[in-house]
Amino acid sequence: MYFSNGNYEAFANPVKPADVDKKSAYIIGGGLAGLAAAVFLIRDGQMDGKKIQIFEELDLAGGSMDGIYNPERGYIIRGGREMEAHFETLWDLFRSIPSLEDENISVLDEFYWLNKADPSFSHTRVIVNRGKRLKTDGKLTLTPGAIKEIIDLVLTEEEKLQDVRIDQVFSDEFFESNFWLYWATMFAFEKWASAMEMRRYLLRFVHHVGSLADMSALKFTKYNQYESLITPLVRYLESHGVKFHFDTRVVNVLFSGDAKRRVATKIETVRAGRKHDIKLTPTDLVFITNGSITESTTYGDNDTAPDAHHTLGGSWELWKNIAAQSKDFGRPEKFCENIPDANWVISATITLTDDRVVPYIEKVCKKNPHSGSIVSSGPVTIKDSNWLYGFSISRQPHFRRQKPNEIIVWTYGLLSDTVGNYVKKKITECTGAELCAEWLYHMGVPVSEIEDIAHNSANTVPCHMPYITTYFMPRAMGDRPLVVPKGSVNFAFIGNYAETPRDTVFTTEYSVRTAMEAVYTLLNIDRGVPEVFDSCFDVRVLLRSIYYLNDKKKLRDIDLPWIVKVLGKQGLKKIHGTYLEQLLKDAKLV
């Protein structure tokens, strides 16, 4: 497997891999990574779909890419996915998946046209004082010292950031900035999260520093992520004969050999209480999704809080059983144990059933939620919320079956160890109606109307997800297994708990990238995996980031050490009329 860039290989069809007709594939986990692996096996590996089997412990595919109507509870979305133009492997995948609405075009075509016609743009990113826009919203408000801390982190080698927390590399000066507020609430970072992952994000998304406040770089699906992305993937795989085993728990994968040559020899499964073992040969390929952020999710309803007690869950037990066989298979306990209390574990889906809240939504978002256009363009953060509460409203309808009078609002809180401003409880203790009431309060709805709306004009389904932020747990080298461990003959790890260089977790891109790398490596496919977008190596992007990090100041106005300013003035004279001056002008620094 090798990486490529440009469009030379992007449009090429690889030669059929040797002996692929003699191979079969077993995919553990029916989330995005598992589904993507199956597509790459068929499309690029040219494997017969009938020789591919997918094992999923739930009763449907999709993993954390969800969106469902539950007859007893109502509409449920545990989370959303923010995408951008440079998710290279994701778009490589969906260029080949037919749209459900028009089989003559791809999901990528459908997605591209939609976001061209209705681009993302946030008119309000942060509110305070019950629905008022933060006065400094739109500015990053970074001090020179905070900018230096960002640069210092970026310049630090990843190896030196093992088990280091974000609050160990940044000061209060940084955490008081709007940059951190935007960053944390957009990506779900906590102060205790991995500094290593923070560095990766800074490098990976440096080209979006200028749009961090207005979120104009984001792309969104037409409906919820399940209906828009997962359903067409499943339809494609079923049309190729891929077999799905739902309600099937994989409890272990056994291996023989050592780091020089290691072979997966058996898959142990349980279905309906009955054990079933699958014996493997070196020609049977195994793709393992290790760990899950939505494992052990519990739900509440309008009148009931979700159960906060949970078991470890099948995906984590599987990884622990696998990791016990070799240190090369990672350390799951680093992610699923000792999770800090001040974290994000609760989200809620609010279904508004009349238009009583529409004026308050329009006041904040400057969009009519019934317009069919994307409403909030990502999260709106409530800065003075004790829970650091936020909400997002996507294009409506968000579900195909949604009624014209219904509006779907998704809410979440990043701090679970404090009591609310209106509801005097921790977010983990709240019923759906209480979560709705807290949101209504911060939106500026009159207090006299809040309880009536929360109970009679809304249905709210809270979700408790104990592992939702575990991607960001502080980690060290080797805590996540390599996508294809050294010496592997027939197995690979896929998903956000597998290790691939440079890319960032908690993204659809990471799931697809690990799947692509795994398939291309095990089948030795002669086509490059698109590399992570290289914006951090582009001097134009770096110069623009300096401009935006300093809230659009010119180079002469940026607070630099006096000696640097003196040298800078002399340097500007020297480069007058040159290409270097043009680069600075393009970046708006001069």
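The values are calculated or read from the model by the stated rules, or taken from the named source; none is laboratory data. Treat the numbers as computed from the prediction; the structure is a model and nothing was measured. Neighbour counts run over all protein chains shown; Cβ positions are idealised from the backbone, glycine included. For the accessible areas, the whole protein counts, side chains as well, though only heavy atoms, and no ligand, DNA or RNA atoms are used. Shrake-Rupley method; radii C 1.70, N 1.55, O 1.52, S 1.80 Å.
One Cα centroid belongs to the range 246-286, the other to the range 568-590; the line between them spans 61 Å. Excluding same-chain neighbours fewer than eight residues apart, the aspartates and glutamates reachable from K135 by a Cα-Cα span under 17 Å are E176, D214, D384, D551. All other residues whose Cβ lies under 13 angstrom from that of P119 are scored, Lys and Arg at +1 and Asp and Glu at -1, for a net of +1. Is the C-alpha gyration tensor of the range 97-211 telling us rounded, prolate or oblate? Criteria: a/c under 1.5 is rounded; beyond that, a/b larger than b/c is prolate, otherwise oblate. Note, shape of the range 97-211 comes out oblate. Each residue of the range 423-430 is assigned a 3J(HN,Hα), and the resulting list reads 8, 7, 9, 5, 4, 6, 9, 8 Hz, derived from the Karplus form 6.51 cos²θ - 1.76 cosθ + 1.60 (θ = phi - 60°), x at Gly and Pro. Amide H to amide H distances under 5 Å link K366 with no residue, where only residues 5 or more positions off or on other chains count and H is placed in the peptide plane.
Dividing the summed -39500 (n - 2.57) terms of all DSSP H runs of n ≥ 4 by the residue count of the chain sets its mean residue ellipticity at 222 nm at -8000 deg cm²/dmol. For L555, the accessible surface of its heavy atoms amounts to roughly 50 Å² (probe 1.4 Å, protein chains only, rounded to the nearest 10).
Our coupling estimate for the range 225-242, obtained by passing each phi through the Karplus curve with A = 6.51, B = -1.76, C = 1.60 and θ = phi - 60°, is 5, 5, 5, 7, 10, 6, 4, x, 5, 4, 4, 4, 5, 5, 5, 9, x, 5 Hz, Gly and Pro reported as x. Annotation for E9 and A259: the two label points, set 7 Å from Cα along the Cα-Cβ direction, are 2.8 nm apart.
The range 490-561 has equivalent-ellipsoid semi-axes of 38, 13, 8 Å, by the square roots of 5 times the alpha carbon gyration tensor eigenvalues, sorted largest first. With the charge dipole of the chain set up from +1 on Lys and Arg Cβ and -1 on Asp and Glu Cβ about the Cα centre, the Cα lying farthest toward the positive end among the listed residues F55, L90, I230 is that of L90. The share of alpha-carbon pairs in the range 356-443 lying farther apart than 22 Å comes to 28%. Counting DSSP beta bridges in the chain, what percent are antiparallel, to the nearest 5? So the antiparallel bridges in the chain amount to around 70 percent. Heavy-atom accessible surface of T281, to the nearest 10 Å², is about 60 Å², with a 1.4 Å probe and all protein chains retained.
When K243, K573, K23 are compared by accessible surface with a 1.4 Å probe, the order from highest to lowest is K573, K243, K23. Placing unit charges on the Cβ atoms of the charged side chains and taking the dipole of the chain about its Cα centre, the candidate lying farthest along the positive direction among L584, T507, T221 is L584.
Note on R73: accessible area approximately 90 square angstrom, rounded to 10, probe 1.4 Å, nucleic acids and ligands left out.
Put K191, K320 in order of accessible area, highest first, and with a 1.4 Å probe you get K191, K320.
Each Cα pair of the range 1-121 feeds into the Kirkwood radius, which the Stokes-Einstein equation turns, at 20 °C and 1.002 mPa s, into a diffusion coefficient of 126 µm²/s. Using a Förster distance of 60 Å, how high is the FRET efficiency between N70 and Q570, based on the Cβ-Cβ distance and rounded to 0.05? The pair N70/Q570 has a calculated efficiency of 0.35. A simple charge model with +1 on the Cβ of Lys and Arg, -1 on the Cβ of Asp and Glu and nothing else charged puts the dipole of the range 340-462 at about 500 debye relative to its Cα centre. Pairs of lysine residues in the range 459-590 that meet both criteria, 8 or more places apart or on different chains and Cα atoms under 28 Å apart, total 28. Enclosing the Cα atoms of the chain in their convex hull gives a volume equal to 159 cubic angstrom per residue. Sequence-distant contacts, meaning Cα pairs under 8 Å at least 6 residues apart, place the relative contact order of the chain at 23 percent.
Computed extension length for N405-E159: 83.3 nm, one decimal, from 0.36 nm per residue of separation with the Cα-Cα distance subtracted. Normalised by the number of residues in the range 429-584, the mean separation of alpha-carbon contacts (under 8 Å, six or more apart) gives a relative contact order of 12 percent.
Placing +1 on each Lys and Arg Cβ and -1 on each Asp and Glu Cβ, with no other charges, gives the chain a dipole about its Cα centre of roughly 1340 debye. Sorted from greatest to least, the principal axis extents spanned by the alpha carbons of the range 52-129 come out as 52, 36, 23 Å.
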